[in-house]
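Coordinate-derived values only; no laboratory data. Every value quoted in this text rests on a predicted model; they were computed, and no experiment measured them. Every residue, glycine as well, gets a Cβ built from its backbone with ideal geometry; the counts of neighbours run over all protein chains shown.
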Amino acid sequence: MSKKVIIRKDGLFYHPTFIKKQEKEAILEWLATLHPIWEMRYSENNPPPPEDTQRRLLRPVYWLGNWQFACLNYYHPPKGIHNRCIHAEGYPPALKKIIETIEGITKMYFKRSEVPKGWKLNTCLINFYGTSIDENGKKVDTARVGDHKDFELGPVASVSFGERAFFQFVMGKKDLKNNVLFEQWLEDSSLQIFAGDLYKDRAFHRVQRVENKLKTIFPLNVENFETRRINFTFRYVPAEHIIDYKDLPAPQKSDVTGYMEKLAENSDHFRRALLKK
Ligand SMILES: O=C(O)CCC(=O)C(=O)O
């Protein structure tokens, strides 16, 4: 199933071999220059609700376009829009052309009603999946993502590299039997786009597991972590939701200063952002 192109009129597109070998090589070369960071889910000014606890995200991340720090809790409409997305680095040449092609495919295959006015893939979350290594050298596989929705407006596009991931769309958050709307393995170099009332608005999606067959680890600057899958999810965030770090209100600013400083160790963009008055 997952080796075939899938086009579903109700809001799903999948191409198993979308990224060409040379494109992949260029993207991986650029990725090796990044320094992804570990984020905590909550912060001093956004503490965990009673049903949750403070925790580290299961994987290191890097954002392009704008950085949606997990503790700032971007976009749970109609709340959570302001003071949550911070200008980040733009797309590298290796990604620009690919994004234009994905935007074109989306406009061709998806209903007009599913693509909001002004929609463009101006934001990207890069997720690194693999195995954490703790201070005693113990390895823990954290290559999964629980049920969630992406609340950004319009279609979301996802490009995968490395080991295959078992991806599901499910109806309802509880782990009921038969709640799986659609499932498939996301292949190395594949593209998945989803949108609309069913796949995006009503269904949750999750990564149940990532295979460990190839036994290859991407050579990346991620401390205490072995990456065997990389996923890019491209999304749309309206320009008016994105602000400079310097314009954050004081509590949010203090919650993310440590992350900004960590990013600034390896990025001119974040160094400049910290200096802006
Ligand atoms: O890794 C994937 O395939 C999915 C990632 C995802 O669900 C997300 O970033 O919101």
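Run lengths n ≥ 4 of DSSP H only: what is the helix-derived mean residue ellipticity at 222 nm for the chain, with -39500 (n - 2.57) per run over all residues, to the nearest 500? Spell out each step's value before the answer.
Values: 4 runs with 51 residues, N = 277.
After summing the helix terms and dividing by the residues of the chain, the value is -6000 deg cm²/dmol.
The Cα atoms of the chain cover 50, 46, 43 Å along the three principal axes, with the biggest extent listed first. Candidate cross-link partners of LYS276 among the aspartates and glutamates, defined by an alpha-carbon separation under 13 Å and a same-chain spacing of 8 or more, comprise ASP244, ASP247, ASP268. For LYS277, the lysines whose Cα falls under 29 Å of its own Cα, not counting residues fewer than eight places away in the same chain, are LYS79, LYS246, LYS253, LYS262. Distance between the C-alpha centres of segment 261-277 and segment 44-60: 25 Å, rounded to the whole angstrom. For the pair MET171 and ARG41, label points projected 7 Å from Cα toward Cβ lie 2.7 nm apart. With Cα atoms defining each centre, segment 5-20 and segment 91-163 are spaced 14 Å apart in the structure.
Maximal additional length on extending the GLU211-ARG144 stretch stands at 23.1 nm, based on 0.36 nm per residue less the C-alpha distance. Distance check, please: which entries in LYS21/LYS96; LYS149/LYS213; LYS96/LYS215; LYS96/LYS120; LYS21/LYS97; LYS120/LYS200 exceed 19 angstrom between their Cα atoms? Going by Cα-Cα distance, LYS149/LYS213; LYS96/LYS215 fall outside the 19 Å limit. A simple charge model with +1 on the Cβ of Lys and Arg, -1 on the Cβ of Asp and Glu and nothing else charged puts the dipole of segment 224-277 at about 80 debye relative to its Cα centre.
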